[in-house]
Amino acid sequence: MLTIWGRRSAFNVQKVLWLMGELGLAYERIEAGGDFGGLDDPAFRTLNPHGRVPLLRDGDVLVWESHAILRYLAARHGEGTFWSPDPARRVAADGWMDWSQTALQPAFLTGVFWGGYRTPEALRDEQALAAALERANRLMRRLEAQLEGRDYLLGETLSLADIPTGTNLYRYFELEIDRPSLPRVEAWYARLQARPAYAEHVMVPFGDLKGRLAF
(Lines give C-alpha, C1' and ligand atoms only; values in the text may rest on other atoms or scores of the structure.)
Protein backbone atom coordinates (compact mmCIF):
# COMPACT_ATOMS: atom_id res chain seq x y z
CA MET A 1 0.00 0.00 0.00
CA LEU A 2 1.24 3.44 -0.93
CA THR A 3 1.12 6.15 1.72
CA ILE A 4 1.03 9.86 0.98
CA TRP A 5 1.23 12.73 3.45
CA GLY A 6 -0.54 16.01 2.68
CA ARG A 7 -3.85 17.83 2.84
CA ARG A 8 -6.27 17.79 -0.11
CA SER A 9 -6.20 21.57 -0.59
CA ALA A 10 -2.40 21.70 -1.05
CA PHE A 11 -1.53 22.42 -4.67
CA ASN A 12 1.52 20.16 -4.87
CA VAL A 13 -0.34 17.33 -3.16
CA GLN A 14 -3.15 17.66 -5.70
CA LYS A 15 -0.75 16.97 -8.58
CA VAL A 16 0.23 13.66 -7.02
CA LEU A 17 -3.30 12.62 -6.05
CA TRP A 18 -4.52 13.37 -9.57
CA LEU A 19 -1.89 11.10 -11.13
CA MET A 20 -2.58 8.37 -8.56
CA GLY A 21 -6.24 8.59 -9.51
CA GLU A 22 -5.43 8.34 -13.22
CA LEU A 23 -3.29 5.26 -12.51
CA GLY A 24 -5.99 3.68 -10.35
CA LEU A 25 -3.62 3.24 -7.41
CA ALA A 26 -4.78 2.34 -3.93
CA TYR A 27 -3.21 4.43 -1.17
CA GLU A 28 -3.55 5.71 2.35
CA ARG A 29 -3.43 9.48 2.83
CA ILE A 30 -2.28 11.01 6.10
CA GLU A 31 -3.37 14.59 6.77
CA ALA A 32 -0.32 16.79 7.23
CA GLY A 33 0.52 20.45 6.82
CA GLY A 34 -1.68 23.51 7.20
CA ASP A 35 -4.14 23.22 10.08
CA PHE A 36 -3.13 19.58 10.50
CA GLY A 37 0.48 20.47 11.29
CA GLY A 38 2.93 17.68 11.92
CA LEU A 39 5.63 18.81 9.50
CA ASP A 40 8.07 19.71 12.26
CA ASP A 41 7.47 16.54 14.25
CA PRO A 42 10.69 14.54 14.64
CA ALA A 43 8.99 11.43 13.25
CA PHE A 44 8.01 13.27 10.06
CA ARG A 45 11.40 14.95 9.74
CA THR A 46 12.98 11.51 9.84
CA LEU A 47 10.98 10.67 6.71
CA ASN A 48 11.48 14.02 4.99
CA PRO A 49 14.19 16.27 6.48
CA HIS A 50 12.80 19.23 4.53
CA GLY A 51 9.50 19.13 6.42
CA ARG A 52 7.32 19.53 3.33
CA VAL A 53 4.43 17.74 1.68
CA PRO A 54 3.74 15.78 -0.40
CA LEU A 55 5.72 12.84 0.84
CA LEU A 56 5.26 9.36 -0.61
CA ARG A 57 6.19 6.05 0.96
CA ASP A 58 6.20 2.91 -1.16
CA GLY A 59 7.43 0.11 1.07
CA ASP A 60 10.98 1.05 2.00
CA VAL A 61 11.14 3.82 -0.62
CA LEU A 62 10.56 7.43 0.44
CA VAL A 63 10.04 10.10 -2.22
CA TRP A 64 9.68 13.84 -1.58
CA GLU A 65 9.13 16.77 -3.96
CA SER A 66 5.99 16.58 -6.06
CA HIS A 67 7.64 16.18 -9.46
CA ALA A 68 10.00 13.50 -8.20
CA ILE A 69 6.93 11.66 -6.91
CA LEU A 70 5.15 12.07 -10.25
CA ARG A 71 8.08 10.62 -12.15
CA TYR A 72 8.47 7.78 -9.66
CA LEU A 73 4.82 6.78 -9.88
CA ALA A 74 4.79 7.05 -13.66
CA ALA A 75 7.93 4.93 -14.01
CA ARG A 76 6.71 2.30 -11.55
CA HIS A 77 3.06 2.10 -12.51
CA GLY A 78 2.50 3.95 -15.78
CA GLU A 79 4.78 2.47 -18.43
CA GLY A 80 3.05 2.66 -21.77
CA THR A 81 0.77 5.49 -20.68
CA PHE A 82 2.62 8.05 -18.56
CA TRP A 83 6.14 6.68 -18.93
CA SER A 84 8.50 5.49 -21.63
CA PRO A 85 11.85 3.78 -21.00
CA ASP A 86 13.23 5.86 -23.88
CA PRO A 87 14.62 9.18 -22.60
CA ALA A 88 14.06 10.76 -26.02
CA ARG A 89 10.33 10.09 -25.67
CA ARG A 90 10.22 11.47 -22.13
CA VAL A 91 12.04 14.72 -22.77
CA ALA A 92 9.04 16.76 -23.96
CA ALA A 93 7.01 15.92 -20.86
CA ASP A 94 10.03 16.61 -18.66
CA GLY A 95 10.42 20.03 -20.23
CA TRP A 96 6.80 21.04 -19.64
CA MET A 97 6.89 19.70 -16.09
CA ASP A 98 9.94 21.77 -15.25
CA TRP A 99 8.53 24.81 -17.05
CA SER A 100 5.40 24.55 -14.96
CA GLN A 101 7.41 24.45 -11.75
CA THR A 102 9.94 27.15 -12.59
CA ALA A 103 7.84 29.58 -14.67
CA LEU A 104 4.07 29.13 -14.40
CA GLN A 105 3.86 28.18 -10.74
CA PRO A 106 5.95 31.14 -9.49
CA ALA A 107 3.99 33.57 -11.66
CA PHE A 108 0.49 32.28 -10.98
CA LEU A 109 0.47 30.27 -7.78
CA THR A 110 2.99 32.37 -5.86
CA GLY A 111 2.47 35.73 -7.50
CA VAL A 112 -1.28 35.76 -8.15
CA PHE A 113 -2.87 33.14 -5.89
CA TRP A 114 -0.68 33.79 -2.85
CA GLY A 115 -0.03 37.46 -3.61
CA GLY A 116 -3.72 38.15 -4.16
CA TYR A 117 -6.21 35.59 -2.93
CA ARG A 118 -4.27 34.33 0.07
CA THR A 119 -2.95 37.70 1.18
CA PRO A 120 -5.27 39.90 3.26
CA GLU A 121 -6.31 42.89 1.17
CA ALA A 122 -4.62 45.39 3.48
CA LEU A 123 -1.29 43.59 3.02
CA ARG A 124 -1.32 43.14 -0.74
CA ASP A 125 1.31 44.67 -2.96
CA GLU A 126 -0.98 45.68 -5.80
CA GLN A 127 1.88 46.60 -8.12
CA ALA A 128 3.58 43.24 -7.63
CA LEU A 129 0.23 41.47 -8.00
CA ALA A 130 -0.48 43.20 -11.31
CA ALA A 131 2.97 42.30 -12.61
CA ALA A 132 2.51 38.67 -11.56
CA LEU A 133 -0.86 38.48 -13.30
CA GLU A 134 0.67 39.90 -16.47
CA ARG A 135 3.38 37.23 -16.36
CA ALA A 136 0.87 34.47 -15.66
CA ASN A 137 -1.37 35.54 -18.54
CA ARG A 138 1.64 35.69 -20.86
CA LEU A 139 2.51 32.12 -19.91
CA MET A 140 -1.08 31.02 -20.43
CA ARG A 141 -0.86 32.42 -23.95
CA ARG A 142 2.16 30.18 -24.45
CA LEU A 143 -0.02 27.22 -23.51
CA GLU A 144 -2.65 28.50 -25.94
CA ALA A 145 -0.09 28.31 -28.74
CA GLN A 146 1.13 24.86 -27.67
CA LEU A 147 -2.41 23.48 -27.77
CA GLU A 148 -2.98 24.34 -31.42
CA GLY A 149 -4.13 21.12 -33.07
CA ARG A 150 -3.83 19.17 -29.81
CA ASP A 151 -6.31 17.99 -27.19
CA TYR A 152 -3.56 17.83 -24.57
CA LEU A 153 -0.14 19.44 -24.30
CA LEU A 154 1.69 16.71 -26.20
CA GLY A 155 -1.04 15.34 -28.44
CA GLU A 156 -4.28 13.39 -28.22
CA THR A 157 -3.76 11.75 -24.83
CA LEU A 158 -3.07 12.92 -21.29
CA SER A 159 0.62 12.78 -20.34
CA LEU A 160 2.86 13.83 -17.47
CA ALA A 161 3.20 17.18 -19.22
CA ASP A 162 -0.44 17.96 -18.41
CA ILE A 163 -0.38 17.10 -14.71
CA PRO A 164 1.60 19.96 -13.09
CA THR A 165 0.44 22.59 -15.58
CA GLY A 166 -3.18 21.47 -15.62
CA THR A 167 -3.40 21.56 -11.84
CA ASN A 168 -3.16 25.37 -12.07
CA LEU A 169 -6.26 25.70 -14.22
CA TYR A 170 -8.95 25.19 -11.59
CA ARG A 171 -7.67 28.08 -9.49
CA TYR A 172 -6.83 30.20 -12.53
CA PHE A 173 -10.38 30.02 -13.88
CA GLU A 174 -12.10 30.23 -10.48
CA LEU A 175 -10.38 33.43 -9.35
CA GLU A 176 -11.91 36.80 -10.16
CA ILE A 177 -9.01 38.03 -12.29
CA ASP A 178 -8.58 39.51 -15.74
CA ARG A 179 -7.80 36.77 -18.25
CA PRO A 180 -7.08 36.99 -21.97
CA SER A 181 -9.06 35.04 -24.56
CA LEU A 182 -7.78 31.47 -24.34
CA PRO A 183 -10.19 29.22 -26.28
CA ARG A 184 -7.77 26.30 -26.61
CA VAL A 185 -6.78 26.44 -22.95
CA GLU A 186 -10.45 26.58 -21.99
CA ALA A 187 -11.20 23.55 -24.18
CA TRP A 188 -8.26 21.70 -22.59
CA TYR A 189 -9.56 22.65 -19.15
CA ALA A 190 -13.00 21.30 -20.07
CA ARG A 191 -11.41 17.98 -21.07
CA LEU A 192 -9.59 17.83 -17.76
CA GLN A 193 -12.76 18.64 -15.81
CA ALA A 194 -14.43 15.65 -17.47
CA ARG A 195 -11.79 13.32 -16.06
CA PRO A 196 -12.99 11.83 -12.74
CA ALA A 197 -9.53 11.95 -11.13
CA TYR A 198 -9.15 15.65 -11.96
CA ALA A 199 -12.62 16.50 -10.68
CA GLU A 200 -11.98 14.63 -7.43
CA HIS A 201 -8.45 15.72 -6.62
CA VAL A 202 -7.91 19.11 -8.27
CA MET A 203 -11.34 20.74 -8.21
CA VAL A 204 -11.23 21.09 -4.44
CA PRO A 205 -12.88 24.26 -3.06
CA PHE A 206 -10.27 26.61 -1.64
CA GLY A 207 -12.42 29.20 0.13
CA ASP A 208 -10.78 28.35 3.45
CA LEU A 209 -7.49 29.70 2.07
CA LYS A 210 -8.75 33.22 1.35
CA GLY A 211 -6.74 35.82 3.21
CA ARG A 212 -4.67 33.18 4.99
CA LEU A 213 -0.89 33.36 4.94
CA ALA A 214 -0.40 31.00 7.87
CA PHE A 215 0.10 27.84 5.77
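The values are calculated or read from the model by the stated rules, or taken from the named source; none is laboratory data. Model, not experiment: these values are computed from the prediction. FYI the Cβ positions are ideal-geometry reconstructions off the backbone, even for glycines, and counts take in every protein chain you see.
Just one of the listed residues (Gly149, Gly95, Gly115, Gly111) is in the same structural domain as Ala194 (by TED's automatic domain parsing) and at positive phi, namely Gly149.
Every condition in (1) touching a strand residue (DSSP E or B) at 6+ places or on another chain (Cβ under 9 Å); (2) closer than 23 Å to Val204 by Cα; (3) in contact (Cβ under 8 Å) with a residue 40 or more places away in the chain holds for His77 except the one numbered (2). Find the residue count for region 202-215, including only residues that are in a helix (DSSP H, G or I) and out of contact with any Ser or Thr (no Cβ under 9 Å at 6 or more places or on another chain). Residues meeting the conditions: 1. Listed by position, the helices (runs of 4 or more DSSP H) inside region 118-199 whose residues that are of a type outside the set (Asp, Glu), modelled with pLDDT of 95 or more and surrounded by fewer than 12 Cβ atoms within 10 Å (Cβ to Cβ) number at least 2 are 126-146, 183-193.
Quick one: in region 90-130, of everything that is among the acidic types (Asp, Glu) and under 18 Å from the mean Cα position of the chain (by Cα), which residue is nearest to Arg212 (Cα to Cα)?
Initially, region 90-130 is screened for residues among the acidic types (Asp, Glu), giving 94, 98, 121, 125-126.
With the extra rule that they be under 18 Å from the mean Cα position of the chain (by Cα), the set shrinks to 94, 98.
Values: Asp94: 32, Asp98: 27 Å.
Residue satisfying both the conditions and the ranking: Asp98.
Among the residues of this structure, Ala75 counts as one that is small (Gly, Ala, Ser), modelled with pLDDT of 95 or more, surrounded by fewer than 19 Cβ atoms within 10 Å (Cβ to Cβ) and not in a strand (DSSP E or B). Apart from one condition, Ala68 fits all of (1) without any contact (Cβ under 8 Å) to a residue 12 or more places away in the chain; (2) over 20 Å from Gly21 (Cβ atoms); the exception is (2). Only residues that are surrounded by fewer than 16 Cβ atoms within 10 Å (Cβ to Cβ) and within 14 Å of the chain's Cα centre (by Cα) were counted in region 9-58, giving 0.
Of the residues that make up region 14-26, is at least one in a loop (DSSP other than H, G, I, E, B) and of a type in the set (S, T, N, Q)? Scanning region 14-26 turns up no residue that is in a loop (DSSP other than H, G, I, E, B) and of a type in the set (S, T, N, Q).
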